[in-house]
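The values are calculated or read from the model by the stated rules, or taken from the named source; none is laboratory data. These figures come from a predicted structure and were not determined experimentally. Virtual Cβ from ideal backbone geometry, glycine too; neighbours counted across all protein chains shown.
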Amino acid sequence: MVTGMSHNIIIHEFAHKLDMLSGRANGQPPLPPNMSKEKWSKYLGGAYERLVSQVNHHEHSYINNYAATNSAEFFAVCCEYFFTAPHILELHSPHVYQQLQSYFRQNPAEL
């Protein structure tokens, strides 16, 4: 786990609410029409699987290991990093960062 990262429960729970707009919390919120569900699944799903593997092998991960709980928690934790530590997410998982950048229509790493 990266030290110095503050947990943001408001962003985390808000992400769950966005996720649940699709009917259930599964890391697949309804996407804007200009976004590809296939790319979302490929990039977020792949990053989630890599994190689960790292946690299972007791390797260092770039985000809070709680994100390896399930895909809904992965999405919520990634949202936390997107807004509170965007440079960490962008550096270690640029495709996830790009998907969230498209989803939220902003680039907090620029600030």
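For residues that are in a loop (DSSP other than H, G, I, E, B) and in contact (Cβ under 8 Å) with a residue 60 or more places away in the chain, scanning just region 57-96, find the one that is surrounded by the fewest Cβ atoms within 10 Å (Cβ to Cβ). It comes out as SER61. The set of residues in region 17-50 being among the aliphatic types (A, V, I, L, M), closer than 14 Å to GLN98 by Cα and outside any loop (DSSP other than H, G, I, E, B) consists of LEU44, ALA47. The residue that is surrounded by the most Cβ atoms within 10 Å (Cβ to Cβ), among those in region 13-32 that are small (Gly, Ala, Ser) and within 16 Å of the chain's Cα centre (by Cα), is ALA15.
In region 33-56, the residues that are surrounded by 14 or more Cβ atoms within 10 Å (Cβ to Cβ) and at pLDDT 95 or above form Cβ pairs under 6 Å with partners that are of a type in the set (S, T, N, Q) and in a helix (DSSP H, G or I), at six or more places apart or across chains, as follows: TRP40/GLN99; TYR43/GLN99; TYR48/SER71; VAL55/ASN65. Listed conditions (1) within 20 Å of ILE9 (Cα to Cα); (2) touching a residue at least 60 places away in the same chain (Cβ under 8 Å); (3) assigned to a helix (DSSP H, G or I) are all met by GLN99, apart from (1). The single residue among TYR66, TYR103 that is under 12 Å from the mean Cα position of the chain (by Cα) and more than 19 Å from PRO30 (Cβ to Cβ) turns out to be TYR66. Among the conditions (1) outside any loop (DSSP other than H, G, I, E, B); (2) within 12 Å of the chain's Cα centre (by Cα); (3) hydroxyl-bearing (Ser, Thr, Tyr), SER53 misses just one, which is (2).
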